[in-house]
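First the structure, which I've put down as structure tokens, then a few questions once you've had a look.
What follows is calculated from the coordinates using simple rules that are stated; it is not laboratory data. This one's a predicted model, so the numbers in the text were calculated from it and none came from an experiment. Here the Cβ is made from the backbone with ideal geometry for all residues, glycine too, and neighbour counts use every protein chain on show.
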Amino acid sequence: MNAIIIGSSKSEIEILKTYLEKVSLITVVAVLENPDDTDVPAFNREDISLFFIGAELVGEKSFDVFDFFEGSAPVIVFSKEEKYAIKSFDAGAIDYMVLPGTLDRFLRALKRAERVAISIGIQTENKDMYVRSNAKSLRVPFDSVLYIEAMADYVIIQTEDCKYIVHYTMKGIQDKLPADRFVRVHRSYIVNMDKIHAIDNQEVIIKEKRIPIGASNKDYFFSRLNLI
């Protein structure tokens, strides 16, 4: 998911960026500090899946930021104060995060934003990808992919029937995958959530493959599970 941060407090923006660095799902494509009326409309809204907006902008800026963003992508409002919460929700925010907060609280906000993004059709409509192999481009449906594994400068795409080895980065291939179905569980592994058979301690089990869950990915991964 591509995200933009727009705020008026440098310290608040830095706290938010610290949390975002722990989440591989989100790519921050721009940070705007103290924008004026002409800065915000310059963005192509179709490329953005999530907006983080500083509460002070909602309360003080001459333009109504929500008039511009309404319906295009979910908005999470952030602040060190609670006083703008009601106004933010009335304007259309899907969550209000009081900083510094906690990583767990931040992940819950992201999970809510992801559900909203999917419901309004922001997630990619692609059902497959094409992989180069022996001078051909082979169609690989996302439904067939079990997991993706990093191997030096290559990645292994393991499907139900075979595997493909392509010259690509993990970050690059993650950007090609639908974020509502694939999650990075380790710096060397991306898994298809629909293919998980079980979770044993700190490992994901897909068929006979046991995939480690990295310490930096654990909180976000477990926040994606519908645990009972």
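Give the residue list of GluC sites (Glu not before Pro) in the range 144-224 that are DSSP loop and have at most 11 other beta-carbon atoms within 10 angstrom.
When the GluC sites (Glu not before Pro) of the range 144-224 are filtered for loop state and at most 11 Cβ neighbours within 10 Å, Glu160, Glu208 remain.
Now for a different question. So who's got an amide H within less than 5 Å of the one on Thr159, skipping anything under 5 residues away but keeping other chains? H placed 1.01 Å off N, in plane.
Amide H neighbours of Thr159: Leu146, Tyr164.
Gly54's amide H: which non-local residues (gap 5+, or another chain) put their own amide H closer than 5 Å, with H modeled 1.01 Å from N in plane and none for Pro or chain starts?
The list, which skips near neighbours in sequence, is Ile6, Gly7, Ser8, Phe78.
Along the range 194-199, what does the Karplus equation 6.51 cos²θ - 1.76 cosθ + 1.60 (θ = phi - 60°) give for ³J(HN,Hα), rounded to whole Hz, x for Gly and Pro?
Rounded to whole hertz, the list is 6, 9, 5, 8, 6, 10.
Under 5 Å between amide H atoms, partner at least 5 residues away or on a different chain: which partners does Ala73 have, H built in plane at 1.01 Å?
Answer set, sorted by chain and number: none.
Moving on. Could you give each residue of the range 211-228 its phi-based ³J(HN,Hα) in whole Hz, using Karplus coefficients 6.51, -1.76, 1.60 with θ = phi - 60°, and x for Gly or Pro?
Using θ = phi - 60°, the values come out as 10, x, 9, x, 4, 7, 9, 4, 4, 5, 4, 5, 5, 7, 8, 8, 6, 10 Hz.
Place +1 on the Cβ of every Lys and Arg and -1 on the Cβ of every Asp and Glu in the range 90-228, take the dipole about the Cα centre, and give the residue among Phe106, Ser216, His197 whose Cα lies farthest towards its positive end.
Ser216
Using θ = phi - 60° and the Karplus curve 6.51 cos²θ - 1.76 cosθ + 1.60, what whole-Hz ³J(HN,Hα) does each residue of the range 76-91 get, with Gly and Pro shown as x?
10, 9, 10, 5, 7, 10, 9, 5, 9, 4, 4, 4, 5, 5, 4, 7
Given Lys22/Lys136; Lys17/Lys176; Lys17/Lys87; Lys17/Lys207, which pairs have Cα atoms separated by over 32 Å?
The answer is Lys22/Lys136; Lys17/Lys207.
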